[in-house]
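Notes for the one structure printed next.
Taken together, the values in this text are just the output of simple stated rules run on the coordinates, not laboratory data. Bear in mind the structure is a predicted one, so any value in this text is a computation, not a measurement. Neighbour counts run over all protein chains shown; Cβ positions are idealised from the backbone, glycine included.
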Amino acid sequence: MKKENICPGCGRHCDLNHPHCKYGRSYAEKLQKKREKAPSYKWEAYTEKGDLAWLLFLVSRNWKKALKKGETTEEKLLAAWTEQEKETLREMLERMREYR
């Protein structure tokens, strides 16, 4: 049994899947709600998960973090694309920037 599934409120250390005391039941409910809550980002309120805008936000955030931490470089991030694809991407992003 994992330590996280043990009730911290009683000496019997019962399983939180079947708690015996009221503290264990309350704790199990709070733990379940915490597990169900997905990580949320501000931009998730504006787009559906898996949509193109969601993917764009996710990639942008991940690239920003990696660049900021010095884990990668711009050249490494863009290495998978040809020069033509990079230019197409630049044009699309410029159009998006104008759309604002």
* **Helix axis angle, 22-36 relative to the chain longest principal axis, alpha carbon, degrees** => 10 degrees
* So which GluC sites (Glu not before Pro) in the stretch 8-100 pass both tests, a DSSP loop state and at most 12 other Cβ atoms within 10 Å of the Cβ? -> GLU48, GLU71
* Which longest uninterrupted range of the chain lacks any chymotrypsin sites (Phe, Trp or Tyr not before Pro) assigned by DSSP to a loop state (not H, G, I, E or B) and surrounded by at most 12 other Cβ atoms within 10 Å? -> 1-40
* Amide H contacts under 5 Å for CYS14, placed H, 5+ residues apart -> CYS7
* Asked: Among GLY24, GLY11, GLY70, which one moves the most in a GNM of the chain with springs linking Cα atoms closer than 10 Å?
  -> GLY11
* Asked: Using only helices, what value at 222 nm comes out for the chain when you add -39,500 (n - 2.57) per DSSP H run of length 4 or more and divide by the total residues, to the nearest 500 deg cm²/dmol?
  -> -17500 deg cm²/dmol
* To do: Would you list which lysines come within 30 Å of LYS49, measuring only between C-alpha atoms, while excluding same-chain residues fewer than 8 positions from it?
  => LYS30, LYS33, LYS34, LYS37, LYS64, LYS65, LYS68, LYS69, LYS76, LYS86
* **Label point 7 Å beyond Cα of LEU56 along Cβ direction - residues of the stretch 81-98 with amide nitrogen under 19 Å** => 85-98
